[in-house]
Amino acid sequence: MDLLSNLIILLAGGALALPGIDFAFKRRVPGGRLPGYVAVAVLVASSLLVGFSATRTLEPAFASNLFRVDLLGVLFSLAVLLVSVFVAIASLDYVERDPNIGVYYSLLIFTALGMVILAFAVDLLVIFVAWELMSLPTYVLAGFSKRDPSSNEASIKYFLVGALGSGLILYAISLTYGLVGSTGLAETFSALTRIISEKELAPLAVLSLALFIGGFGFKMAIVPFHMWIPDAYQGAPTTVSTLLAAGTKKAGFVAAIRVLVIAMTALRADWTITLALLAVLTMTLGNIAALTQRSITRLLAYSSIAQAGFIVIGLAVAPTSSLGLVGALFHVLNHAIMKSAAFIAAAIVIFKTGREDLANFNGLGRRMPFTAFALTISMLALAGVPPLNGFWSKFVLFTAAIQGGLPWLAVAGILNSILSLGYYGWLIKRMYLDDFEGAVRIREPANLSAALGIGLVLIIVIGVYPTPVIELARNAVLST
Amino acid sequence: MPHGFEPLLDYFIVSTILFAIGVYGLVTKRNALRMLFAIEIIINAANLNFVAFSRYLTNPNVTGQTFALFSIALAAAEAAVGLAIIILVFRVNREIDVLELRRLRG
Amino acid sequence: MVDIVFLALAAVSIGASVIALEAREIVYGAVALGVSFLGLAGFFIILDAPFVALFQITVYVGAVVVLILFTVMLIRREKGVKTPAAWERGVGIVAAAVLAIGMGSVAFASGLQTWVAPQGVQVSFREIGVQLLTQYWPILLILGLVLASAVMGALTLAKVEREEK
Amino acid sequence: MAFLISVLIFIPILAAIPTFLIGRRKGVYANRFSLAVSVVILALSLYTYAGILRAGSGAEFNLVEGPIPWVTGLRGIDYYVGMDGLSAPLVILSAFLTVLVIIGSGRLIKEREGLYYAVVLFFEGSIIGFFTSLNLILFYVFFELVLIPMFFFIGIWGGPNRKYAAFKFLLFTFAGSTIILLGFFGLYAFISPPTFNITELVGRIPLWLQILASIAAFIGFGVKLPIVPLHTWLPDAHVEAPAPISVFLAGLLLKMGGYGFLRINLGLFPDASRQFAWVYILFGLLTMFYGAIVAVTQKDLKRMIALTSINHMGFVLLGGFTGNQIGISGAVFQMFNHGVAIGLLFMLSGFIHEQAGTREIPGLKGLRVTMPRTAILLIMGSMAAMGVPIFSNFISEFMVIVGAIAVDVRYAVAILIPIITVAYFLLVLRRSVLSPPVEGVKHHDMTPSTTTAMLLYLVPLFILLAFPSLILDVVNPASAVLVRTFAGV
């Protein structure tokens, strides 16, 4: 059996079984942690499956005109599965008391499965169905704290924007289908090349391109499609925000890479400069807005928008620099880890203190030393301080920008890194230099801390020795 | 029936107008249900494209029709989730005006 | 030569869409949405896609619109919702007009007006079934998962918890 | 001994963890343990230095380790360290000052000691790594690693306004170093085959790229040195930092800027530096005059010392960009001497603050009587820092000025600097320290053991006055290399 069918069977089986397991054991196991453990087990098993396959030669998947099992997909699914594992472990503490806990984990796994399928899909129909498989559960998850009005609000705003995004993608696909006569990405690639050289249907192709950028842009959190992000991340349960920021956003990028960068290479003259401008806009607006936030989740949301801008740099220069996509992939993976860690640290604080305002982080270095330390490291990584993983991927991205003939992108990126230290540094200052009145040592929850610990180790290990991951990203780009 | 003599452009224009109406609805409406309507209209515009292209391609194929089938099914699923969210929001907030929901602020 | 059936269908679907958004009572809006969906189904029929048309009627009109109507009954309240200010509506109309004209001219520039349906090479809708079961069966499977997750999620959200009662 | 330099870098960094753990039990153990580690590092660095001195091999890189590919996916990012005549004096300076800082902290640091000594050792390892890196990325990594301990030093153990000072420090230096990185990217993207290894880059950079990259480096190192318009973080940081950390700040951190100017601007971008040497020199002179004039108007003893260090770092810029051997060697020598002398002054100011409760210069009246040992040390330290010819600082300043005059007679205005500062400083001291005490004021003087520790600072300065060749024999060959590249031969 090939990798993808194994993954589908494993994840779909887990997702479908979970509500039943929950129902069957609810009475017998009080507290109801069993579904959580099952979900963690399923997700860890799939991550391992993907992880081991990265070093072996990949068998082609079933229905090979729909899927393509290459390293690009492996890398992406590894990233999103890792995030799902983090989220699942963190949820063990965070959503412990929810009556619908089985459904929660089931939806989490459905989302993970959607992202995994998306990572391997090379047909627009599959991409669209997988996109929905990934999105629909997250709309529900965002509103999972049913009696919390903020969670409701996050859910409905996220749903409306997400559905609009799907609508745009669908419309774009319909145009592409009209131009190409097929939904396969390989056919799209060759047909567009022909269309562009003949110039006849070119305007329509550009229109579909613009709609694709908009549709994927909502998930990727690039400006001006970002306005839902802060509300959704703030209102949703923090574990779900982690999934959105570190997981589904990455799926937006894999779709953008497969569809825009690879299949629509013929249109690069149109999208390179657009994406470059969007990248600068996204980084700058994200960072400036982050400077003024007073809630940790909103701050992380804006920082997540800013980071999306960095990844888009890689997409923008992909046609002219071989390092562009490598950098984008590498940053996708790193960002998944860094952002998960930061969000989980925030989740610990919110979970234990019930507050999310930044003043609550004063003196955290003494109240929750491990959480504070981990948050510090992940923020420094996000700011691009060496030798942490975020430094290397930004490094590759900026080098690619200079190589690709858009050096102003590198300049903008670097200036933005400085800007971002304004709020990361401010939070670090709060945690270590400021005092909190009546500070007491707070016990840090075990499962959340474990998830955080894994993230922390990855940040430092990849930071000190990034070679294997860069190699993986490079091979992934070569494999497409 | 001897239809299908209209140039593809006519269908495309209908689809474009529907798309534009959907966007108009999303821009101006605050009622979550109406916004959901607008989204459904956009999806329908896309479906019209799929079926029209499927008929008009130089080598007609059914992929467009298949796609439309999938898209209808997915839209139904999406609507179900969306309506559930709307019901939930209404039950908790007694409000489905999206702009009136503004607990979340920086 | 513009076909009269085509014109009628276009008028119905476009008009009904506008009413769906603008009707004062949202119940009428929901009904109008259903009519618009029916108009679309008409288009599908004249485009030789009867199977899609049938599916459109059963799923959209039969299920989605009914679901929407139920929700409307359950909520039944639009008084609190402020109607948009005149300028907001103006912005919306301008945006929609710009979009429609822009996209229309793109289509015109691409030469869609010369694109006429090939005669005599119709594809049978039976092929849909063949395609679904041979080429696209994995997608059907994924679709099943989507529907499962959607139903599960929607039920969980809409369900009233015991302690809430 | 294989991997000696890596040992110098990584032993302190790794020893930080046990130090922290030991310190949780009892603070004083952390002090003892870190002292032991730093003494070992000092011994090892002296051993290394002696090897270079004996072999007379200051011109080339010694004990080179690497290049070991670090990030194999990107060509030219290697682990690559080595020592030459430029870096060797700064490495022993780092090891020496760390020992003295740890000794001096025993009295002054009473809070979270385990963390403190752990960070001290981390700082030591990082800064040695900085001075010995031969790869620009490694260089940058250590550059940033130094920044973070300093942020915590100032922010946690600093004075009342510490948060502001720490944050300002962080933003300034981070902005500076990121701009440097931008310059490095430029080099990497346009040099083919791309590389970051300093040894491979020498002589391969076209002039336009040299100019662009040297502008970036000028800003980045200018923040650290600091050059005058970029210096505003420094007085704040110094005033708030605890005394031992001021020793690190002035003694080592500023030297990073000086070293960067010599190694990168002068060594890698010689053509650009030759063309724009006058810019560097003008900024050097500006910095010197500004530092000297502003320093003499200060009321706070520590702030005054901080500002004189701006003035003295101007000498490094002036000497380095004369481009002749005596100037460059003088600049390196000046860095070493200044690091030691300023260290003593900062420790004394911390001690005086602790005992007398004030650092205001008028409040120090009669120190001669109330704290005689401290007063004598303060006068000697000031004389050393100001370049009075009983310490080696005199030699280095003299060399720089001679070098500058050799380029252009007008640069002789630099002579005014030591004259102004010495005259004014001694005047201030006479009015305060040497004047009769206010009635009834009584302070505890230093214990003999502390006095001994303080005297340790002066030992190298005395020795080097008598035997400047101990440093210059190592530095001269290295500066001869720089002179050749600068001359474009």
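Looking at residue A:129, is it assigned to a helix (DSSP H, G or I) and at the interface with another protein chain (Cβ under 8 Å from one of its Cβ atoms)?
Numbers: assigned to a helix (DSSP H, G or I): yes; at the interface with another protein chain (Cβ under 8 Å from one of its Cβ atoms): yes.
Criteria met by residue A:129.
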Open item on the list: Regarding segment B:86-103, can at least one residue be identified that is touching a Ser or Thr at 6+ places or on another chain (Cβ under 9 Å), buried (at least 24 other Cβ atoms within 10 Å of the Cβ) and more than 8 Å from chain A (Cβ to nearest Cβ)?
Closed with: no
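Yes or no, residue by residue, for (1) surrounded by fewer than 24 Cβ atoms within 10 Å (Cβ to Cβ); (2) part of a loop (DSSP other than H, G, I, E, B); (3) at pLDDT 95 or above; (4) touching a Gly at 6+ places or on another chain (Cβ under 7 Å):
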{"position": "D:71", "(1), (2), (3), (4)": "yes, yes, no, no"}
{"position": "D:81", "(1), (2), (3), (4)": "no, no, no, yes"}
{"position": "D:103", "(1), (2), (3), (4)": "yes, no, no, no"}
{"position": "D:106", "(1), (2), (3), (4)": "yes, no, no, no"}
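From the residues in segment A:97-122 that are polar (S, T, N, Q) and closer than 18 Å to residue A:45 by Cα, which one is surrounded by the most Cβ atoms within 10 Å (Cβ to Cβ)? Show your work before the answer.
To start, the set of residues in segment A:97-122 that are polar (S, T, N, Q) comprises A:100, A:106, A:111.
Keeping just the survivors that are closer than 18 Å to residue A:45 by Cα gives A:106, A:111.
Working: A:106: 29, A:111: 31.
So, considering only residues that are polar (S, T, N, Q) and closer than 18 Å to residue A:45 by Cα, the one surrounded by the most Cβ atoms within 10 Å (Cβ to Cβ) is A:111.
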Open item on the list: Considering only segment A:343-359, I want to know if a residue exists there that is of a type in the set (S, T, N, Q), surrounded by 24 or more Cβ atoms within 10 Å (Cβ to Cβ) and touching a helix residue (DSSP H, G or I) at 6+ places or on another chain (Cβ under 7 Å).
Closed with: no
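Is it true that residue D:86 is outside any strand (DSSP E or B), in contact with a Ser or Thr (Cβ under 9 Å, 6 or more places away or on another chain), at pLDDT 90 or above and at negative phi? Step through it out loud before you land on a result.
Numbers: outside any strand (DSSP E or B): yes; in contact with a Ser or Thr (Cβ under 9 Å, 6 or more places away or on another chain): yes; at pLDDT 90 or above: yes; at negative phi: yes.
Considered against the rule, which asks whether it is outside any strand (DSSP E or B), in contact with a Ser or Thr (Cβ under 9 Å, 6 or more places away or on another chain), at pLDDT 90 or above and at negative phi, residue D:86 comes out as yes.
Considering D:380, D:386, which residue is touching a Ser or Thr at 6+ places or on another chain (Cβ under 8 Å), closer than 27 Å to residue D:319 by Cβ and of a type in the set (A, V, I, L, M, F, W, C)? Before the answer, list the steps.
Numbers: D:380 fails: touching a Ser or Thr at 6+ places or on another chain (Cβ under 8 Å).
Exactly one of D:380, D:386 is touching a Ser or Thr at 6+ places or on another chain (Cβ under 8 Å), closer than 27 Å to residue D:319 by Cβ and of a type in the set (A, V, I, L, M, F, W, C), namely D:386.
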Open item on the list: For segment D:132-150, which positions are of a type in the set (Val, Ile, Thr), touching a residue at least 24 places away in the same chain (Cβ under 8 Å) and under 14 Å from residue A:387 (Cβ atoms)?
Closed with: D:137, D:146
Open item on the list: Give all pairs with beta carbons closer than 9 Å in which a residue from segment A:399-425 that is within 17 Å of residue A:293 (Cα to Cα) meets a residue that is among the acidic types (Asp, Glu) and surrounded by fewer than 23 Cβ atoms within 10 Å (Cβ to Cβ); count only pairs at least 6 apart in sequence or on separate chains.
Closed with: none
Task: Selection within segment B:9-51 - in contact (Cβ under 8 Å) with a residue 40 or more places away in the chain and more than 8 Å from chain A (Cβ to nearest Cβ) - done: B:11, B:12, B:30, B:31, B:33
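Picking from D:463, D:401, D:471, D:415, which residue would you name as being closer than 30 Å to residue D:302 by Cα, at pLDDT 85 or above, buried (at least 22 other Cβ atoms within 10 Å of the Cβ) and more than 19 Å from the chain's Cα centre (by Cα)? Working first, answer last.
Working: D:463 fails: buried (at least 22 other Cβ atoms within 10 Å of the Cβ); D:471 fails: more than 19 Å from the chain's Cα centre (by Cα); D:415 fails: buried (at least 22 other Cβ atoms within 10 Å of the Cβ).
Exactly one of D:463, D:401, D:471, D:415 is closer than 30 Å to residue D:302 by Cα, at pLDDT 85 or above, buried (at least 22 other Cβ atoms within 10 Å of the Cβ) and more than 19 Å from the chain's Cα centre (by Cα), namely D:401.
Restricting attention to segment A:215-251, report how many residues are of a type in the set (S, T, N, Q), under 24 Å from residue A:147 (Cβ atoms) and more than 13 Å from chain B (Cβ to nearest Cβ).
If we filter segment A:215-251 for residues that are of a type in the set (S, T, N, Q), which is where we start, we get A:234, A:238-239, A:241-242, A:248.
In the following step, the residues that additionally are under 24 Å from residue A:147 (Cβ atoms) were identified as A:234, A:238-239, A:241-242.
Still in the running and more than 13 Å from chain B (Cβ to nearest Cβ): A:238-239, A:242.
Residues meeting the conditions: 3.
Say we look at segment A:288-319 and pick out the residues that are outside any helix (DSSP H, G or I) and in contact with a Leu (Cβ under 8 Å, 6 or more places away or on another chain); which of these is farthest from the other protein chains (Cβ to nearest Cβ)? Walk me through how you get there before you give the answer.
Quick first cut of segment A:288-319, residues outside any helix (DSSP H, G or I) only: A:292-295, A:317-319.
Checking the rest, the ones that are also in contact with a Leu (Cβ under 8 Å, 6 or more places away or on another chain) come to A:293-295, A:317-318.
Details: A:293: 5, A:294: 6, A:295: 6, A:317: 11, A:318: 16 Å.
Ranking the qualifying residues of segment A:288-319, first place goes to A:318.
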- [ ] Please find, among A:254, A:223, A:259, the residue that is assigned to a loop (DSSP other than H, G, I, E, B), on the phi < 0 side of the Ramachandran plot and either surrounded by fewer than 24 Cβ atoms within 10 Å (Cβ to Cβ) or not hydroxyl-bearing (Ser, Thr, Tyr) (or both).
- [x] A:223
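Results for (1) in contact with a strand residue (DSSP E or B) (Cβ under 9 Å, 6 or more places away or on another chain); (2) more than 9 Å from chain C (Cβ to nearest Cβ); (3) in a loop (DSSP other than H, G, I, E, B), shown as yes or no for each residue.
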residue: A:104; (1), (2), (3): no, no, no
residue: A:113; (1), (2), (3): no, no, no
residue: A:146; (1), (2), (3): no, no, yes
residue: A:150; (1), (2), (3): no, yes, no
residue: A:157; (1), (2), (3): no, yes, no
residue: A:173; (1), (2), (3): no, yes, no
residue: A:177; (1), (2), (3): no, yes, no
residue: A:195; (1), (2), (3): no, yes, no
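The values are calculated or read from the model by the stated rules, or taken from the named source; none is laboratory data. This one's a predicted model, so the numbers in the text were calculated from it and none came from an experiment. We place every Cβ from the backbone using ideal geometry, glycine too, and count neighbours over all the protein chains shown.
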